[in-house]
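Note sheet for the following structure.
No lab work stands behind these numbers, since they all come straight from the coordinates. All figures in this text were calculated on a predicted structure; none of them were measured in a lab. Cβ sites come from the backbone with ideal geometry, for glycine too, and all protein chains shown count toward neighbours.
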Number of protein chains: 2
Amino acid sequence: MSKNDEVVLLDFWASPFAMRVKIVLAEKGIEFEAREEDIMGGQSELLLNSNPIHKKVPVLLHYGKPICESAIIVSYIDEVWPSPALLPTCYYARAQARFWADFIDKKLFDGGCGIWRNNGDALELGKKEFIEILQVLEGALGEKDFFGGDNFGFVDTIAIPHASWFYAYEQFGGFKVEDVCPKLSAWIKRCLERDSVTKSLPDPSKVYEFLCMFRKMNGLD
Amino acid sequence: MSKNDEVVLLDFWASPFAMRVKIVLAEKGIEFEAREEDIMGGQSELLLNSNPIHKKVPVLLHYGKPICESAIIVSYIDEVWPSPALLPTCYYARAQARFWADFIDKKLFDGGCGIWRNNGDALELGKKEFIEILQVLEGALGEKDFFGGDNFGFVDTIAIPHASWFYAYEQFGGFKVEDVCPKLSAWIKRCLERDSVTKSLPDPSKVYEFLCMFRKMNGLD
C-alpha cells in the first residue's frame with residue numbers, strides 16, 4: 001500500500017467538519033489524499049459504504065478502515081499520532097475541552113443556518129441567537145490566546161473552520177463579528193496565522209457564493 | 001474534605017443521562033453523594049453555578065470542580081479511575097465506541113420523545129422512527145454480548161439507562177421492544193444482571209407514571 005493509501009479523507013471543500021480533519025492532519029504533519037465528494041449530485045459508493053449511518057463527509061479511511069464524525073476523527077488522529085498533542089494531558093482540562101467542542105458541535109453550525117437559511121424576522125432572530133452563541137464562546141476564550149491557553153489545541157481545531165462561513169453570515173445578517181466579539185475576532189486572526197489553518201480553510205467569499213447559490217435554489221433570494 | 005465531598009453528583013432520578021454517571025461510578029467502585037435536583041420546581045444555585053451554559057443535570061463535582069454533559073463525565077471518570085476500563089485500548093475500537101455513543105446521544109432520547117410527547121399520527125410516526133433507531137442499534141450489537149464485545153463497556157453505559165424508559169414507550173406506543181429487536185432485548189436483560197445497572201436504574205413503572213404526569217400537564221391525556 002502506498003503512502004497515499006494509508007490516510008484518505010472523503011472531503012467536501014466547504015464542509016467546516018471536513019476542515020477540522022485537514023487542520024489536525026496538517027498539525028501532525030500527516031500526508032493524506034483528499035477525495036472530493038459531490039454532495040449535490042450524489043455521494044460516492046465509497047462514502048455510502050464507509051458511513052452508512054449518516055452518509056456524510058468527512059470520513060477518514062486509515063488503511064481502508066473508516067472513522068466517521070469529525071470530532072471523533074480528530075480524537076482518533078490525536079491518539080494515533082500523539083505529537084503535537086491537541087488535547088491537554090490534565091484530565092480536568094480534557095473534560096473542559098470536550099465540553100466546549102461539544103457546545104460548538106451543538107450550537108455553531110445550526111446557529112449559522114438560522115441566518116443564511118432565513119429572511120426577514122426569522123433572519124433577525126437567527127442573527128440574535130447566533131451572536132449570543134458567539135458571545136458565550138468569547139466568554140470561554142476570555143483573555144487567553146487560544147481556548148486551551150497559550151497553544152493551538154483541540155477546541156481551536158473544532159471551532160476555527162466555522163469562521164470560514166462568518167463572512168457569509170455577516171453579509172446575510174448585516175453585522176460584523178469583530179464589532180460584537182472583538183476577542184473572538186482576534187482569536188480568528190491568530191488561528192489564521194497558522195499554515196495548518198490557512199491551507200485547510202477555503203476563501204470566505206467562495207463560501208458566500210456557495211450559500212448564495214443555495215439560497216437561490218431554495219427561493220430565498 | 002471527607003470522602004463524601006470528593007465526588008458529588010447533581011442528580012435527577014428519572015434522567016437517563018444521570019443514570020450513566022451512577023453506573024460508571026458503581027462500575028469503578030467510587031463512593032459518591034447524589035444530590036437530587038428539583039427539575040420541576042427550579043434548579044439549585046449549585047446546579048446553575050456549576051453548569052451555567054446548559055443548566056441541566058447531571059453535573060459531577062470532583063473536589064468541587066464541575067464536569068458537565070454525561071458522555072464527557074463518563075470519559076472523565078474512565079480516565080481518572082482507569083480500572084476497570086470502559087473504553088477499549090485499541091484506538092480504532094475507541095473511535096467506534098465513541099461513534100455509537102454519539103449516535104445514541106443524537107437519536108435515542110429524542111426518538112423516545114417522538115412517542116411519549118405525541119398522540120395519533122404523530123405518535124405512530126414517532127414509534128416507527130424510534131423502532132428504526134433501535135434496529136440500527138440491534139445491527140451494531142449483532143451477535144455480541146455487549147456493544148464492545150464480551151465485556152460491559154462504554155457504549156453499554158451510555159445506552160442502557162434509556163431502557164428504563166422503554167416500558168413507558170411500549171405503553172404509549174402499543175409495541176414490545178422484545179418483538180421488534182430480540183437481540184437488543186436480550187442485551188438489556190444481560191445488562192440488568194449487573195449490580196451497577198440495577199442499582200442505578202429506576203423502576204420502569206415509576207418512569208411511566210412520571211411521563212403520564214407530564215402528558216397530563218401538557219394536555220396529551
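Looking at region A:160-221, the pairs of alpha carbons with a distance over 19 Å make up 36% of the total. Taking a straight Cα-Cα cut-off under 19 Å and skipping sequence neighbours fewer than 8 places away in the same chain, the aspartates and glutamates within cross-link reach of residue B:107 are A:69, A:102, A:105, A:110, B:69, B:124, B:129, B:132, B:138, B:156, B:170.
Of the GluC sites (Glu not before Pro) in region A:131-221, the ones in a loop by DSSP (not H, G, I, E or B) with at most 13 other beta carbons within 10 Å are A:143, A:193. From the alpha carbon centroid of region B:179-220 to that of region A:27-105 is 33 Å.
Hey, what's the Kirkwood Rh for the protein assembly as shown if you take every pair of different alpha carbons, in angstrom?
Values: mean 1/r = 0.0427 Å⁻¹.
So the Kirkwood estimate lands at 23.4 Å.
With N as its number of residues, region A:91-153 has a Cα radius of gyration that, divided by 2.2 N^0.38 Å, comes to 1.31. When residue B:42 is represented by a point 7 angstrom out along its Cα-to-C-beta vector, the spacings to that point in the other copies are 6.0 nm, nearest first.
Provide the net charge surrounding residue A:194, with neighbours chosen by a C-beta distance below 15 Å and charges set as Lys +1, Arg +1, Asp -1, Glu -1. Taking every other residue near residue A:194 into account, the sum is 0.
Compute, for chain B, the length of the dipole vector about the Cα centre, with Cβ point charges of +1 (Lys, Arg) and -1 (Asp, Glu) only. Units Debye, rounded to 20. Walk me through the numbers before you get to the answer.
Working: 25 positive and 33 negative charges, 36 e Å.
It works out to roughly 180 debye.
List the GluC sites (Glu not before Pro) within region A:9-95 that DSSP assigns to loop and that have no more than 13 neighbouring Cβ atoms inside 10 Å. Display every interim value, and only then the final one.
Details: sites: A:27, A:31, A:33, A:36, A:37, A:45, A:69, A:79; in loops: A:31, A:37, A:69.
Those that pass, being in a loop and sparsely packed, are A:31.
Pick out the long, greasy-scoring helices in chain B: whole DSSP H runs spanning 30 Å or more along their own axis by Cα, mean Kyte-Doolittle at least -1.0.
On the way: long enough: B:91-116 (38 Å, -0.21); B:120-141 (31 Å, 0.39).
Going by DSSP H runs, the hits are B:91-116, B:120-141.
For region B:3-80, report the convex hull volume of the alpha-carbon atoms normalised per residue, in Å³, without decimals.
Details: hull volume 6.4 nm³, N = 78.
Residue-normalised Cα hull volume stands at 82 Å³.
Starting from the label point of residue B:174 at 7 Å along Cα→Cβ, the same points in the other copies fall at 5.2 nm, in ascending order.
Coupling constants for region A:148-160 follow from the phi torsions by the Karplus curve (6.51 cos²θ - 1.76 cosθ + 1.60, θ = phi - 60°), and in residue order they are x, x, 7, 10, 4, x, 4, 5, 4, 4, 5, 8, 4 Hz; glycine and proline get x.
Once Rh for region B:91-217 is found with the Kirkwood sum over Cα pairs, what is the Stokes-Einstein diffusion coefficient at 10 °C and 1.306 mPa s, in µm²/s?
Working: Rh = 15.0 Å.
Here the translational diffusion coefficient equals 106 µm²/s.
Inter-copy label distances at residue A:143, shortest first and taken from points set 7 Å along Cα to Cβ: 6.2 nm.
Each 10 Å bin from zero up to the one holding the largest Cα-Cα distance in region A:46-122 carries the following percent of pairs: 16, 34, 32, 15, 3. Remark: the Cα gyration tensor places chain A in the oblate category, a/c being 1.5 or greater and a/b not exceeding b/c.
Using just the helices of chain A, give the 222 nm mean residue ellipticity in deg cm²/dmol: DSSP H runs with n ≥ 4 each add -39,500 (n - 2.57), and the total is spread over all residues, rounded to 500. Working shown, then result.
Values: 12 runs with 128 residues, N = 221.
Mean residue ellipticity, 222 nm, calculated: -17500 deg cm²/dmol.
In the structure shown, do any of A:56/A:216; A:144/B:22; B:56/B:216 have a Cα-Cα gap over 26 Å, and if so which?
Numbers: A:56/A:216 23 Å; A:144/B:22 35 Å; B:56/B:216 23 Å.
Long pairs (Cα-Cα over 26 Å): A:144/B:22.
The trypsin sites (Lys or Arg not before Pro) found in region A:169-221 that occupy coil by DSSP, while having at most 10 further C-beta atoms within 10 Å, are A:199.
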